[in-house]
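Take a look at the structure below.
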Amino acid sequence: MCGIVGYVGLRNATDVVVGGLQRLEYRGYDSAGIAIYDPAAGLQLRRSVGKLSNLMIRLHEAPASGNLGIGHTRWATHGGVTEVNAHPHRDQSGDIVVIQNGIVENYLELKGRLLEQGYSFHSQTDTEVIAYLVGDYYRVCGSLEQAVRRALPELRGGNAIVAFSVREPGQLVVARLGNAGGVVLGLGEGENFVASDLLAILDYTRDVIFLEDRELAVVTGDALQISTLAGAPVERAPATVQWDPVSAAKGDYKHFMQKEIYEQPRALTDVLRGRIDLEAGTVNLEDLSLDDAALHRVSRIYATACGTAWHAALVGKFMIESLARVRVEVDYASEFRYRQPILGDDALLLAISQSGETVDTLAAMEEAREQRVPSVAIVNAIGAQAARLADGGPIYLHAGPEIGVASTKAFTSMLVANFLFALRLAQARKVLTPQQAREQLQALIELPRKAAQVLEQTAQQCEALAEHFYHASNALYLGRQINYPIALEGALKLKEISYIHAEGYPAGEMKHGPVALIDEALPVVCIAPRDPIYAKMLSNVEQVKARHGQVIAIATEGDTQMAAQADHTIFVPETAPLLTPVLTVLPLQLLSYHIAVLRGCDVDQPRNLAKSVTVE
Ligand code: AGP
């Protein structure tokens, strides 16, 4: 996730902003930048690639000081890590600087319009498009606040921005649209703070206000004025956070798992960030060391992982085989090395691991290394062993720390990482036309917003359903094709945090055994989006109903046919068939969470489990 810090007040903004970015350093990123304003020195922009220490070296060489500043951490950008793509970005006049968290789904359309107006861009980023759009409105209205009010509603997707103009020194303008990750305002004496995460400002204040969707704040050293984007004033009392960073890190959530479920729109934005070029229809996986020729030589992929990550590997098989037309075998990592696999010299190992420390997955990577087969690791923890073992390079999730033992945001980010890898493979093998790739990428960049929509629209329904089912002693999850792994994942979520026995099954296998389990006491979750296999799922639902099972269907919004059959129907928006698992899993996470809470279970640290299994 991008890290954002802003400051206005009496201190040297450079100290506050850099200190805040350091607080966010655990997330890992590849570039950072700050913009500081001082009436005498003017606008001082410092950006660097690599770790934050490089920016600090840059600041040592060319100090910046002033009482107004913003800072941002980001990772790989198109065409490798470049300074020109690092934030902050400036508008065409050079007087307005902007930092952003999120993704502008329609940035190409906006960029085209601005290019027609004669503007020329320096970077390939969507952020620079925002800066130019604000600058364009600024030329008309002469007010940064008004320019942001007019520009933001034109953006599609979840975005949070912080901006200032040298023509209106002493104020930051902050705005949030959709779910692009949090924006927290910190209140001080004669100074105020802005950050994407509490941890960045806890050293200075505990009094905070969270900016909500479609809200804007004008922040000066003495005041915070919050309003809706439309301009209606918003009154919101500050909250005082506990000094303990761990509970502060939980924010308003009861459990880390709950927080991480709701972080998914932002996490999905971050796993995409800087990796797709919609215009060219290409994917750039910045840390992958395998070039097109090496990727073209791969004709067989062995995907290996454990638990939830193994479910992600199963979904990845569908994505890679469908998009890149490369054969994928999926193995439990704990089984892989013991079956003495014969990998072959055209093989590639794809290891998937949130922690990057799971002993079985690491052992599978060692097995590949012994057979001189290159490996790629989809991993969340920056610098973890799996990332270092992967001679083909890591594909980082950038989901931020996942504290809850039950994996949620890492799982959906793994799905997207698999999808990106599949497209990258397809690109190397020239399997898709640029237009076909663009269509897939467009569906991808709409995913964070759709995920936010699912979480918002199904939260209450899932909580109510949990009331209905939390006494159950068994549950069955059914899915087909790319949603069969989601049946497995939904069942695992339920059993690992609520201790209810749950089983995921391919729906077509029901008649070969599990149908004997069906009775009125058994909740049966059927994952049945409108996809090529829908009619089969519908008949499976009818079979369950015929035996008085209780059906909870996960269906595509508007599917009245399924709603007529199932006892309860949870709708998710339409998306590309290969991406439906990213949306269908969300209600299952919420359902298992609320059931576990009702059963009084320790949601974040379920019994007998560990976040990372580093022993066999
Ligand atoms: C997921 O909810 C579980 N906590 C567990 O199955 C986990 O996915 C598995 O242990 C693999 O962990 P890893 O992704 O860190 O390798």
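The values are calculated or read from the model by the stated rules, or taken from the named source; none is laboratory data. Computed from a prediction, not measured in an experiment: that's the story for all the values here. So basically every Cβ, Gly included, is an ideal-geometry build from the backbone, and we count neighbours across all protein chains shown.
Couple of notes before you dig in:
- Residue tally, condition under 22 Å from the mean Cα position of the chain (by Cα) and not hydrophobic (A, V, I, L, M, F, W, C), over region 187-221: 6
- Of all residues in region 302-318, those that are over 16 Å from THR408 (Cβ atoms) have Cβ atoms under 9 Å from Cβ atoms of residues that are near the ligand (Cβ under 8 Å from one of its atoms) and of a type in the set (Phe, Trp, Tyr), 6 or more apart or on another chain, in ALA303/TRP310; THR304/TRP310.
- Positions within region 269-317 being among the small types (Gly, Ala, Ser) and farther than 24 Å from ALA364 by Cβ, in sequence order: GLY274, ALA280, GLY281, ALA293
- Residue check for SER407: of a type in the set (Ser, Thr, Tyr) and closer than 16 Å to LEU295 by Cα: no
- Region 477-492: number of residues that are touching a residue at least 40 places away in the same chain (Cβ under 8 Å) and within 16 Å of the ligand (Cβ to nearest atom): 8
- The number of residues in region 256-304 being buried (at least 20 other Cβ atoms within 10 Å of the Cβ), over 25 Å from ALA368 (Cα atoms) and among the hydroxyl-bearing types (Ser, Thr, Tyr) comes to 2.
- Out of LEU455, LEU488, sole residue that is assigned to a helix (DSSP H, G or I), within 20 Å of the chain's Cα centre (by Cα) and under 25 Å from GLY307 (Cα atoms): LEU455
- Of all residues in region 141-161, those satisfying the criterion of being in a helix (DSSP H, G or I), touching a residue at least 60 places away in the same chain (Cβ under 8 Å) and of a type in the set (A, V, I, L, M) are VAL148, LEU152.
- Residues considered: VAL218, VAL194, VAL208, VAL173. Of these, the only one that is at pLDDT 95 or above and over 19 Å from HIS72 (Cβ atoms) is VAL218.
- Residue within region 203-221 that is surrounded by 17 or more Cβ atoms within 10 Å (Cβ to Cβ), free of Cβ contacts under 8 Å to residues at least 24 places away in the same chain and over 30 Å from LEU155 (Cα atoms) present: yes
Residue-by-condition table, conditions (1) in contact with a Phe, Trp or Tyr (Cβ under 6 Å, 6 or more places away or on another chain); (2) under 19 Å from THR308 (Cβ atoms); (3) within 12 Å of the ligand (Cβ to nearest atom):
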| site | (1), (2), (3) |
| --- | --- |
| PRO577 | no, no, no |
| THR580 | no, yes, no |
| THR584 | no, yes, no |
| PRO587 | no, yes, no |
| ILE595 | yes, yes, no |
| ASP604 | yes, yes, yes |
| LEU609 | no, yes, yes |
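- Residues that are among the polar types (S, T, N, Q) and over 18 Å from ALA566 (Cβ atoms), drawn from region 497-539: SER498
- Screening region 24-52 for residues that are closer than 17 Å to ILE4 by Cα and polar (S, T, N, Q) and picking the one that is modelled with the lowest pLDDT gives SER31.
- For region 317-335, the candidate set comprises residues that are within 13 Å of the ligand (Cβ to nearest atom) and in a helix (DSSP H, G or I); within that set, the residue that is surrounded by the fewest Cβ atoms within 10 Å (Cβ to Cβ) is SER334.
- Summed over region 403-420, the residues that are within 16 Å of the ligand (Cβ to nearest atom) and under 11 Å from LEU285 (Cβ atoms) give a count of 1.
- Region 343-360 - residue that is assigned to a strand (DSSP E or B) and within 16 Å of the ligand (Cβ to nearest atom) and, of those, farthest from the chain's Cα centre (by Cα): LEU349
- Counting only strands (runs of 3 or more DSSP E) that fall entirely inside region 163-239 and contain at least 1 residues that are polar (S, T, N, Q), the qualifying elements are 192-195, 224-228.
- When VAL585, VAL597, VAL551 are checked against the criterion of being in contact with a Cys (Cβ under 6 Å, 6 or more places away or on another chain) and modelled with pLDDT of 95 or more, VAL551 stands alone in meeting it.
- Scanning region 286-306 for residues that are of a type in the set (Gly, Ala, Ser) and not in a loop (DSSP other than H, G, I, E, B) yields a count of 4.
- Near pairs, Cβ below 7 angstrom, 6+ apart or cross-chain, from region 576-587 (hydroxyl-bearing (Ser, Thr, Tyr)) to any residue that is assigned to a helix (DSSP H, G or I) and surrounded by 24 or more Cβ atoms within 10 Å (Cβ to Cβ): THR580/ILE482; THR580/ASN483; THR584/ASN483; THR584/ILE486
- From the list ALA147, ALA163, ALA195, the one residue that fits, being touching a Ser or Thr at 6+ places or on another chain (Cβ under 9 Å), farther than 21 Å from ARG449 by Cα and of a type in the set (A, V, I, L, M), is ALA147.
- Breaking point among (1) in a helix (DSSP H, G or I); (2) at pLDDT below 95; (3) within 16 Å of ILE395 (Cα to Cα), for ALA309: (2)
- Residue, surrounded by the most Cβ atoms within 10 Å (Cβ to Cβ), within region 372-400, restricted to residues that are away from the ligand (no atom under 12 Å from the Cβ) and within 14 Å of the chain's Cα centre (by Cα): TYR396
- Condition met for LEU444 (at pLDDT 95 or above, within 27 Å of ARG266 (Cβ to Cβ), assigned to a helix (DSSP H, G or I) and touching a Phe, Trp or Tyr at 6+ places or on another chain (Cβ under 7 Å)): yes
- Considering region 501-616, the qualifying helices (runs of 4 or more DSSP H), each wholly inside and each with 1 or more residues that are under 26 Å from the mean Cα position of the chain (by Cα) and buried (at least 21 other Cβ atoms within 10 Å of the Cβ), run over 580-598.
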